[in-house]
Amino acid sequence: MNKNLDIIHRRNVLLLKIITLCFAIDFLVNLVLDRSILLVIAPVTLFVILLISVLLYFKVWIKQTAYIIVLTVYLPFIFLLEVEPLIINYIFIWAALTISSIYQRAIPVIVSSCIANFLTVYYYFKYNEVIFAGLETSSVIYIIAFTIFLTIILIFSGRFTENELVLKDEELKRTEMLSVVGQLAAGVAHEIKNPVTVLSGFVQLMKKSDDKESHQYYYEIMQSELKRILQITNEFLMLGKQQNYTFVKKRIQQIVKEVVLLLKAEAEKNGVHIIFKPKDNIPPLSCNPNQLKQVFINVIKNGIESMPNGGRLWIDLRVDGKQSVIIETTDEGYGMTKETLAKIGTPFYTTKQDGTGLGMMVSHKIIESHHGKITIESKVNEGTKIIIEFPIREYCN
C-alpha cells in the first residue's frame, strides 16, 4: 500500500470509529425515547458498519470506501429529516460536509458538497412550510452559494494542511538522512581504519624480513584486508547512491532459482541442503531483477553461513490472495536473541566475524524501493525465518 492510500485508509478507520460511537449513543437514547425507530436504524446502520469494516479489514477499495463513508455520514441527517423535520434545521446538512473534510482531499469534499446542495433544494420543496418557513425561494440561492463557499474553504484548508505535512515530512527525512550519513561516515572510518592499520603493520614487517614464505603469508592477509576495504566501500556507495534502475515484469521464482544455483556450491561446502520447489502460479512482478537478486543473495547466504555444521534451508514462495507475493526463507541456524534481532539493519551491526552490517541495510533499501516489506523472526538455537513481501498490483518504480 502506498503512502496516499495508507493515509486514506487510516482516516477511513477514524471515521468508522466516529460513526460507530454516534450509533451507539443514538441506540442508547432511542432505547429510552422511542424503540420503534430502532427497527429501522439498527439493521441499516449495522449493515453499513459491517460492510465498511469488511472493506477496511481486507484493505480493498480504499478510495471507494471513503465515498461510502461520506454517504453514510449523511444517513442520520436524512433519517431525522424524514421522521421529524421539526427537530432539525437545514444547517445540519453542512455538518456532514464539514466531517468529510477530514480526508483533506478535494474529491470527497466536492462529492459531499454536491450531496449537501441537492438535499438543501430537495428538502426546501418537500418541507417548505416546516423547515424553511418564511424563507423566499430566491434565498435558497444564497444557501447554495454559502455551501459552495464553504466547500472552497475546506478544499484550500485541506490542501494547506497537506502541504504543511509534506514539508514537515521532507524536513524530518532530511534530518534523519543527515543523521544516518553521519553514522555511516563514522562507521566507515572506523571499519576501514582497522584493515588499513593491519596493512600498514604488515608492510613494515615485510620491509624488515627477507623470508619469502613470510612474505607470501603477509600477502594473503593483506589481500584479505584489501577485499574487506573494497567490500565496505562498495556497500557504502550503494547505500548512498541514488538508484534509478529500470523496472520490468519478471517472475520472482526465476530470480530466486538463479540465486539458489549461484550459491549451491557454497551451500554444499557447508553441508547445507537447500529445499526449494518453485511454483508456477506466482504472477510476475514489476521489479529490477538485479536488485532483487542482490537481496536474495544476502538473505540466502546469511542462512547458509548461520549453519556452519550443516542443516536445511527452506525457501517458500506463495501468493497472499491477490495482494502480494511472499518469499519466506527458514534455516536451522544458531538464531538470534530479541536484542540482536532489534539491531539487525542498523549501520555496521553484524553477527558475523568478517561482516560489515551493510548487506542488510542494502537489502532493506532495495525492498523499500520495491514498495515491499521484510520481517525477521528468530529463536536462539532453533533458526531464523525471513519473510519478504512484494505487492502484485503496484508498479514498484
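Over the alpha-carbon set of the range 248-391, divide Rg by the Kirkwood Rh and report the Rg/Rh ratio to two decimals.
Rg/Rh for the range 248-391 comes to 0.94.
What is the gain in length, in nm to one decimal, between Tyr57 and Ala106 on full extension, counting 0.36 nm per residue of separation less the C-alpha to C-alpha distance?
Net length gain for the segment: 15.1 nm.
Taking amide hydrogens as modeled 1.01 Å from N in the peptide plane, which residues meet the under 5 Å criterion relative to Ile274, leaving out close sequence neighbours?
Counting only residues 5 or more places away or on other chains, the set is Leu313.
Take the alpha carbon atoms of the range 287-345, find their center, do the same for the range 103-130, and report the distance between the two centers in whole angstrom.
For the range 287-345 versus the range 103-130, the Cα centre distance is 54 Å.
Taking the mean number of other Cβ atoms within 10 Å as a proxy for protection, how do you rank 308-318, 41-51, 322-332 from highest to lowest?
Result, highest mean Cβ count within 10 Å first: 322-332, 308-318, 41-51.
Of Lys250/Lys338; Lys63/Lys293; Lys301/Lys373; Lys279/Lys301; Lys17/Lys338, which sit over 31 Å apart, Cα to Cα?
Going by Cα-Cα distance, Lys250/Lys338; Lys63/Lys293; Lys17/Lys338 fall outside the 31 Å limit.
List Met361, Met336 from most exposed to least, where exposure is judged by having the fewest other Cβ atoms within 10 Å.
Sorted ascending by nearby Cβ count, the order is Met336, Met361.
Convert each backbone phi in the range 387-392 into a coupling constant with the Karplus relation 6.51 cos²θ - 1.76 cosθ + 1.60 (shift: θ = phi - 60°), then list the ³J(HN,Hα) values in order as whole Hz, x for Gly and Pro.
10, 10, 10, 10, x, 8
Values in this text are rule-based calculations from the coordinates and carry no lab data. Please read all numbers here as calculations on a predicted model, not as lab measurements. Using ideal geometry, Cβ is built from the backbone for each residue, glycine included, and neighbour counts are taken over all protein chains shown.
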